[in-house]
Amino acid sequence: MPAPTTATATATTNNNPPTPLDFKESDTIPLPPPKPFQPSLRHPASRKSIYDRALSRPPSSTSLPAFAHLFNTLITYHHAKSASVSEIEGRLNRAGYPIGIKMLDLLLYRQGGKAVRPTRLLDLLQFVHGVLWRGLFGRAADALEQSTSKREEYMIVDNEPVVNTYISIPKEMSQLNCAAFVAGIIEGVCDASGFGTEGVSAHWGEGDEMWPGKTIFLLRFQEKVVEREEGIKAAGG
Amino acid sequence: MSYYFTIIGTRDNPLFELDFGTSKIGGDGIARFRDEAKHMNQFIVHAALDMVEEAQWATKELYLRRVDTFQNNHIHCFLTGGNVKFMLLMNPDPAATTYSAYQTTSPPSRPATARQSTTMLAANPTSQQTEDAVRQFMFEVYESWVKCIMNPFYQVNQVVTSPIFRGRVATAAKKYL
């Protein structure tokens, strides 16, 4: 019975797992072992971090020329990258959005122990109109209006937006309003506080001879926000 | 007496976690949760988020007080303007808390711990004293939190890894809880 024995032996050899690759003979190079973890956190020489800075308002406000220069750079950058007026506005809006999210908590913190979250639509609008505007521009906005036709639309009017101080719009882009950046900030505040919007946009208030730079910020809230608002109102809240 | 503190982002995602023990009346500041409590704490806090969502439109306060209890755990919540939740779970005697009918072999509660817990904050979680201590703790964490989000490189719902932030929270915990 020698034949079956040979067959079994052959089968066993075939079932052997393939021998591991020999790196010495192949032209692959094994990766070096990973380096031990080294924290990359660096401290400034003064050993002061962002957590050592005070959150209260600095005594002097930011210089307007410095801001205008930065804002000009921002607009030039986005202008170069966009094809249309609405794209520039969209990009400026997105640049302002994260600022709004952060401003909300900063302003609430600065109010101290009596800080309240805006839970009603009117509270939020007054927060934007008053507290936010004072925090950003040192004065309240000029008007707060509700749309007569649509219940989810509100308007905040600024007669002379400080961001537009040194900005002149070329004729072919007359629709462009660089206060779209501020509209982005407003949108960030609304979203962060749980009042989702369909978008906040900045429009020129035309036909006002006294205020040529009049800007209207149009806030369009989502339908569910208005419904929730009415639910709270119905519950007597 | 042990605490579990966590920060929950706007999409119910955890951003920061810390557990610690009391530092008052001879506490050593080390959490004494049982092994199974490690995941149960996360579960209980997550379940309490529903209570937070109910409470958040009913009050304008940032500090929502005690929102939920489960077994021996009490959950206090602080809601920031940006809808980020600071959740603090406190348990006066973690060793004696049963999470399930399943008996685990854990060391029996030390008598010293039991005696201490009667005089501690969480022994009476509804008391004004506890609420005040937690409120002060929360506002101190809020200050660090605002500083953290003021970092221009911090984006919404990003996990907070800063060891300095962790240190600030631990210091606040030592001071008030």
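Just one of the numbered conditions (1) exposed (fewer than 14 other Cβ atoms within 10 Å of the Cβ); (2) in a loop (DSSP other than H, G, I, E, B) is not true of residue A:167: (1).
In region A:112-127, of all residues being more than 10 Å from every other protein chain (Cβ to nearest Cβ) and in contact (Cβ under 8 Å) with a residue 12 or more places away in the chain, the one that is surrounded by the fewest Cβ atoms within 10 Å (Cβ to Cβ) corresponds to A:126. Taken as a whole, the condition of being facing chain A (nearest Cβ under 7 Å) and either crowded, with 21+ Cβ neighbours inside 10 Å or in a loop (DSSP other than H, G, I, E, B) (or both) applies to residue B:156.
Candidates B:18, B:89: the one that is surrounded by fewer than 22 Cβ atoms within 10 Å (Cβ to Cβ), touching a Phe, Trp or Tyr at 6+ places or on another chain (Cβ under 6 Å), assigned to a strand (DSSP E or B) and in contact (Cβ under 8 Å) with a residue 40 or more places away in the chain is B:18. Quick check, is residue A:104 more than 8 Å from every other protein chain (Cβ to nearest Cβ) and either of a type in the set (Phe, Trp, Tyr) or crowded, with 21+ Cβ neighbours inside 10 Å (or both)? Here the answer is no, as residue A:104 does not meet what is asked.
When A:188, A:184, A:231, A:213 are checked against the criterion of being surrounded by fewer than 15 Cβ atoms within 10 Å (Cβ to Cβ) and either outside any loop (DSSP other than H, G, I, E, B) or away from chain B (no Cβ under 14 Å) (or both), a single residue qualifies: A:231. Do the conditions hold for residue A:160, that is, is it of a type in the set (Asp, Glu) and within 24 Å of residue A:63 (Cα to Cα)? Taking the combined requirement at face value, the residue satisfies it. Is it the case that some residue within region A:87-95 is part of a helix (DSSP H, G or I), out of contact with any Pro (no Cβ under 9 Å at 6 or more places or on another chain) and within 14 Å of chain B (Cβ to nearest Cβ)? Within region A:87-95, one or more residues are part of a helix (DSSP H, G or I), out of contact with any Pro (no Cβ under 9 Å at 6 or more places or on another chain) and within 14 Å of chain B (Cβ to nearest Cβ). Here residue A:139 passes the criteria (1) within 11 Å of chain B (Cβ to nearest Cβ); (2) more than 22 Å from the chain's Cα centre (by Cα); (3) charged (D, E, K, R) except the one numbered (1). If you take the residues in region B:35-70 that are surrounded by 18 or more Cβ atoms within 10 Å (Cβ to Cβ) and part of a loop (DSSP other than H, G, I, E, B), which one is nearest to the chain's Cα centre (by Cα)? Looking at residues that are surrounded by 18 or more Cβ atoms within 10 Å (Cβ to Cβ) and part of a loop (DSSP other than H, G, I, E, B), I get B:62. Quick check, is residue A:172 away from every other protein chain (no Cβ under 14 Å) and either modelled with pLDDT of 90 or more or in a loop (DSSP other than H, G, I, E, B) (or both)? No, not satisfied. How many of the residues making up region B:76-105 are at pLDDT 85 or above and either in contact with a Leu (Cβ under 9 Å, 6 or more places away or on another chain) or farther than 19 Å from residue B:35 by Cβ (or both)? Number satisfying all stated conditions: 14. Taking the condition in contact (Cβ under 8 Å) with a residue 24 or more places away in the chain, part of a strand (DSSP E or B), of a type in the set (A, V, I, L, M, F, W, C) and away from every other protein chain (no Cβ under 14 Å), does residue A:156 pass? So residue A:156 fits the description; yes.
Counting the residues of region A:24-82 that are at pLDDT 85 or above, touching a helix residue (DSSP H, G or I) at 6+ places or on another chain (Cβ under 7 Å) and in a loop (DSSP other than H, G, I, E, B) gives 1. Among the residues making up region A:58-86, those that are without any contact (Cβ under 8 Å) to a residue 60 or more places away in the chain and within 14 Å of chain B (Cβ to nearest Cβ) are A:58, A:70. If you go through region B:128-140 and pick out every residue that is touching a strand residue (DSSP E or B) at 6+ places or on another chain (Cβ under 9 Å), surrounded by fewer than 22 Cβ atoms within 10 Å (Cβ to Cβ) and within 12 Å of chain A (Cβ to nearest Cβ), you end up with 2.
The values are calculated or read from the model by the stated rules, or taken from the named source; none is laboratory data. A quick note: this is a predicted structure, and the numbers were derived from the prediction, not measured. Glycine also receives a Cβ, built like all others from the backbone with ideal geometry; neighbour counts cover every protein chain displayed.
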